[in-house]
1. Need the failing condition index for Lys69 against (1) surrounded by fewer than 18 Cβ atoms within 10 Å (Cβ to Cβ); (2) within 15 Å of the ligand (Cβ to nearest atom); (3) under 30 Å from Tyr375 (Cβ atoms); (4) among the basic types (Lys, Arg), just the number.
2. Enumerate the pairs (first residue in region 174-185 and at positive phi; second residue anywhere and surrounded by fewer than 19 Cβ atoms within 10 Å (Cβ to Cβ)) with beta-carbon separation below 6 Å, excluding pairs fewer than 6 apart on the same chain, so at least 6 apart or on different chains.
3. Collect the residues in region 80-121 that are touching a strand residue (DSSP E or B) at 6+ places or on another chain (Cβ under 7 Å), assigned to a loop (DSSP other than H, G, I, E, B) and more than 30 Å from Asp274 (Cα to Cα), keeping them in residue-number order.
4. For Ile267, only one of the following conditions fails: (1) in contact (Cβ under 8 Å) with a residue 24 or more places away in the chain; (2) within 16 Å of the ligand (Cβ to nearest atom); (3) within 30 Å of Asp139 (Cβ to Cβ); (4) assigned to a helix (DSSP H, G or I). What is its number?
5. With Lys191, Lys229, Lys239, Lys200 as the choices, which residue is basic (Lys, Arg), on the phi > 0 side of the Ramachandran plot and either away from the ligand (no atom under 16 Å from the Cβ) or surrounded by fewer than 17 Cβ atoms within 10 Å (Cβ to Cβ) (or both)?
6. Tell me yes or no: at least one residue of region 111-118 is touching a residue at least 40 places away in the same chain (Cβ under 8 Å), more than 16 Å from the ligand (Cβ to nearest atom) and within 18 Å of the chain's Cα centre (by Cα).
7. For region 310-350, how many residues are closer than 24 Å to Val142 by Cβ and not in a helix (DSSP H, G or I)?
Amino acid sequence: MTVHVVGGGLVGPLMAVYLAQKGFDVELYERRPDMRRADIPAGRSINLAVTARGLKALEEVGLREDVMKIAIPMKGRMIHNVEGKTSFLPYGQKEDEVIYAASRGLLNKVLLEAAGQCGNVKMTFDKTFTAEDLAALEDAPVIAADGAWSVVRKHMLENVHNFDYSQSFQTYGYKELVIPSDAQGGFRMEKNALHIWPCKQHMLIALPNTDGSFTVTLFYPYDGFEKLKTPEDVLAFFKRDFPDAVALMPALADDFFANPTGALVTIKCAPWNDGNRVLIGDAAHAIVPFFAQGMNSGFEDCALLNSLIGKTPDWAQVFADFSRKRKADADAIADMAIENFHEMRAGVTDPKFALKKQVGFALEQRWPEKFIPRYSMVIFHPEIPYAEAKRRGVVQSEILEKLCANINAPEELDWQQAEKLLA
Ligand SMILES: Cc1cc2nc3c(=O)[nH]c(=O)nc-3n(C[C@H](O)[C@H](O)[C@H](O)COP(=O)(O)OP(=O)(O)OC[C@H]3O[C@@H](n4cnc5c(N)ncnc54)[C@H](O)[C@@H]3O)c2cc1C
């Protein structure tokens, strides 16, 4: 039996490996050249954060160690204020509660190589899959991992009765820049952190790369981008809002005008299945990157789908079950990702933010069965579905608000009040 996978980005090859390990023959189609051979850009964002949900799936197929070799642990957020002073906010409180920065290109290569080594995966590159190709496959199972602008989803939109679809763009775009390594190839800032320069309405972030550089991303409203017309405008803006970063970016103005401004979109649709076809990854649910879960949730899709395949010989039933089980979680992480944008660019500057984080950790330490901070549930606890994390997060946020209303340090926490609120 041959299963067809459309898209050789991050999610498609992982799905192909799962299928191959189950014994299916797989045909994968990718419109770009073969990244294993050609040095081509991997698309959006030069590096990204891999977290526990993604790692769990990678582990299941035996690829976790390969990814760890190209990854840099980030233990928390390094917040830079407008005077250039930094403060560090850990992501978690246990040794293994870290997230990992990895190059998108290297990650994509690891996944394609793994698929290629399976023996039963045939990959066709430079092949733009079309609606005609889909029709030609008739009833063969097709798993579409062809990204946010999926051709298979477009086909469903046009042909499936009552197909729900929405796309919503942020009023913000993003631009990638670079902090190069120092003359010795070393890092010019703390290596094991995700750096953030929050500015209420906009922000800059930086993730480390294994070559000593940082990929820097500016998230900025489109009407702001339009006002930055000359190198002088750009330098003045960066010097005002990100003074310590600008000192580390010798090619800032050149990069700013050479690099494109990317868009941030949330796409929701339902159902994800149509007979023997199903959407996964960004094709099913594109989300904004502020919880670093787009790829991670796509990897989780692969794990769930894999767990359902084989339960019945009826692929249409498998795909319908997958769509039904997963949709609420995809919607939940899409919404939480948008909320987290506010937290990253403005929330972190609120003095109560650090206090709430510390109180949240204190509650987790004392009552781990009752309280796990929302960030930790999403990032470090794959066993808690996104929808459940979202639901618990709403309740917890109210509890933290009450507990922190009249205190200035975690030592002042009223434990009796906390116990009552958590009961
Ligand atoms: C700025 C930014 C930062 C991000 N950071 C993170 C992060 O830190 N952590 C995280 O988990 N996620 C992050 N994401 C999200 C992540 O990039 C996506 O969720 C992920 O790439 C989705 O993988 P995918 O395989 O579903 O889609 P894609 O990676 O888009 O891959 C789709 C593939 O399908 C191919 N394709 C498309 N159409 C066709 C066709 N008709 N025929 C054949 N091939 C086709 C494309 O060439 C591509 O290779 C970020 C996104 C952005 C924009």
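1. (2)
2. Gly185/Gly212
3. The answer is Tyr91, Val98.
4. Against the list (1) in contact (Cβ under 8 Å) with a residue 24 or more places away in the chain; (2) within 16 Å of the ligand (Cβ to nearest atom); (3) within 30 Å of Asp139 (Cβ to Cβ); (4) assigned to a helix (DSSP H, G or I), Ile267 comes up short only on (4).
5. Working: Lys191 fails: on the phi > 0 side of the Ramachandran plot; Lys229 fails: on the phi > 0 side of the Ramachandran plot; Lys239 fails: on the phi > 0 side of the Ramachandran plot.
Lys200 is the lone residue from the list that is basic (Lys, Arg), on the phi > 0 side of the Ramachandran plot and either away from the ligand (no atom under 16 Å from the Cβ) or surrounded by fewer than 17 Cβ atoms within 10 Å (Cβ to Cβ) (or both).
6. Looking only at region 111-118, we keep the residues that are touching a residue at least 40 places away in the same chain (Cβ under 8 Å), and these are 111-116, 118.
Next, from what is left, pick out any that are more than 16 Å from the ligand (Cβ to nearest atom): 118.
After this cut, where a residue has to be within 18 Å of the chain's Cα centre (by Cα) as well, the list is none.
Looking for residues that are touching a residue at least 40 places away in the same chain (Cβ under 8 Å), more than 16 Å from the ligand (Cβ to nearest atom) and within 18 Å of the chain's Cα centre (by Cα), one finds none in region 111-118, hence no.
7. The number of residues fulfilling the criteria is 5.
Let's see how each residue does on (1) in a helix (DSSP H, G or I); (2) at pLDDT 95 or above; (3) more than 8 Å from the ligand (Cβ to nearest atom); (4) out of contact with any Phe, Trp or Tyr (no Cβ under 8 Å at 6 or more places or on another chain):
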position: Ala20; (1), (2), (3), (4): yes, yes, yes, yes
position: Val26; (1), (2), (3), (4): no, yes, yes, yes
position: Pro41; (1), (2), (3), (4): no, no, yes, yes
position: Arg44; (1), (2), (3), (4): no, no, no, yes
position: Ala49; (1), (2), (3), (4): no, yes, no, no
position: Arg53; (1), (2), (3), (4): yes, yes, yes, no
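The values are calculated or read from the model by the stated rules, or taken from the named source; none is laboratory data. Nothing here was measured: the structure is a model prediction, and the numbers come from that model. Using ideal geometry, Cβ is built from the backbone for each residue, glycine included, and neighbour counts are taken over all protein chains shown.
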